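In what follows, a single structure is set out as structure tokens and then discussed.
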Amino acid sequence: MDIQGKAALVTGGGSGLGEATARELARLGAKVAVLDVNLDNAQRVATDIGGIAVQCDVTSPDSVQAAIDAAAAAHGPARILMQIAGIGTAKRVVGKDGNAAPLEDFAKVINVNLIGTYNVARLFAAACAKLEPMEDGERGAMVFTASVAAYDGQVGQQAYSASKAGVVGMTLPMARDLAQHGIRVCTIAPGLFATPLMKTLPEPVQQSLAASIPFPSRLGKPSEFAELACHIVSNGHLNGETIRLDGALRMAPR
């Protein structure tokens, strides 16, 4: 798919990997709708790239549908969906006080990262399937965000790892399901990246994490994630695949 001139949606586009992806899409000529639960962040990015900002809660069917409709009114129906919204927590199954971890904490992460991803995907796909096909019969492309924690989650990452493993597990069957409509589905599983959240950690901790990456021994750049996400959209034969983007990192237990 030629990204130039296409309408694109980016969930979590107000910061971090989502912001980088929104900026790269705009650089390549896409008409970008920045979707984020934090409207101020979304507006900041949208203003910079000449896109539009839409407040969106990925767990809410009504919120997502309203965001898709608002983006379509401004840019036309979207052909590209970049799903980068997500949250993460770390909590041991049995805490230091001997009590079990609260179930609602686990459920919240699953709800945002896994159910939220499916929620946006199903509504985007329903709209995209109605569009006229392009080259090779393609109508659209979706890129999801998992994590290396889907494969080697650390102590306390039960909820996060399960949610991201669910995204990985959903990728191939959804690609097969949507093949009849000409919609491709791929996932990126990033390792350790220099996001605003990472930068809140003390510098020695960041350096230690970077040193754990075999090569290159540095934190990933958000621009590298964005470039891969956009390449997936551009490369019409990439479908049903999850790609680790991690410098050969394999996470230790803790």
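The values are calculated or read from the model by the stated rules, or taken from the named source; none is laboratory data. All values reported here derive from a predicted model rather than from experimental measurement. Cβ sites come from the backbone with ideal geometry, for glycine too, and all protein chains shown count toward neighbours.
Here are the numbers:
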{"item": "Extreme residue, farthest from Asp2 (Cα to Cα), among residues of the range 19-48 that are among the β-branched types (Val, Ile, Thr) and buried (at least 19 other Cβ atoms within 10 Å of the Cβ)", "result": "Val37"}
{"item": "Single residue of Ala159, Ala165, Ala194 found to be within 23 Å of Ala20 (Cα to Cα) and in contact (Cβ under 8 Å) with a residue 12 or more places away in the chain", "result": "Ala194"}
{"item": "Residues within the range 145-174 that are in contact with a helix residue (DSSP H, G or I) (Cβ under 6 Å, 6 or more places away or on another chain) and among the charged types (D, E, K, R), tallied", "result": "1"}
{"item": "Test: residue in the range 35-44 that is under 20 Å from Thr117 (Cα atoms) and either part of a loop (DSSP other than H, G, I, E, B) or at pLDDT below 95 (or both)", "result": "yes"}
{"item": "The one condition in (1) modelled with pLDDT under 95; (2) among the polar types (S, T, N, Q); (3) under 12 Å from the mean Cα position of the chain (by Cα) that Thr89 fails to fulfil", "result": "(3)"}
{"item": "The range 133-144, subset touching a helix residue (DSSP H, G or I) at 6+ places or on another chain (Cβ under 7 Å) and of a type outside the set (A, V, I, L, M), residue surrounded by the fewest Cβ atoms within 10 Å (Cβ to Cβ)", "result": "Arg139"}
{"item": "Selection status of Val148, in contact (Cβ under 8 Å) with a residue 24 or more places away in the chain, among the aliphatic types (A, V, I, L, M), surrounded by 19 or more Cβ atoms within 10 Å (Cβ to Cβ) and closer than 14 Å to Ala85 by Cβ", "result": "no"}
{"item": "Checklist (1) surrounded by fewer than 18 Cβ atoms within 10 Å (Cβ to Cβ); (2) assigned to a helix (DSSP H, G or I); (3) touching a strand residue (DSSP E or B) at 6+ places or on another chain (Cβ under 9 Å); (4) not hydroxyl-bearing (Ser, Thr, Tyr) applied to Ile232, failing item", "result": "(1)"}
{"item": "Leading residue by the ranking (surrounded by the most Cβ atoms within 10 Å (Cβ to Cβ)) among those in the range 61-76 that are free of Cβ contacts under 8 Å to residues at least 24 places away in the same chain and small (Gly, Ala, Ser)", "result": "Ser63"}
{"item": "Selection within the range 119-138 - in a helix (DSSP H, G or I) and out of contact with any Ser or Thr (no Cβ under 7 Å at 6 or more places or on another chain)", "result": "Ala121, Arg122, Leu123, Phe124, Ala125, Ala126, Ala127, Cys128, Glu135, Asp136, Gly137"}
{"item": "Residue selected from the range 1-18 under the condition over 17 Å from Gln55 (Cα atoms) and free of Cβ contacts under 8 Å to residues at least 40 places away in the same chain, by the criterion surrounded by the most Cβ atoms within 10 Å (Cβ to Cβ)", "result": "Gly5"}
{"item": "Subset tally (residues that are farther than 16 Å from Arg250 by Cα and either among the basic types (Lys, Arg) or outside any helix (DSSP H, G or I) (or both)) for the range 155-212", "result": "15"}
{"item": "Unique residue being on the phi > 0 side of the Ramachandran plot and either basic (Lys, Arg) or buried (at least 17 other Cβ atoms within 10 Å of the Cβ) (or both) when the list is Gly191, Gly166, Gly182", "result": "Gly182"}
{"item": "The lone exception for Asp97 - which of (1) among the charged types (D, E, K, R); (2) in contact (Cβ under 8 Å) with a residue 24 or more places away in the chain; (3) surrounded by fewer than 20 Cβ atoms within 10 Å (Cβ to Cβ) it fails", "result": "(2)"}
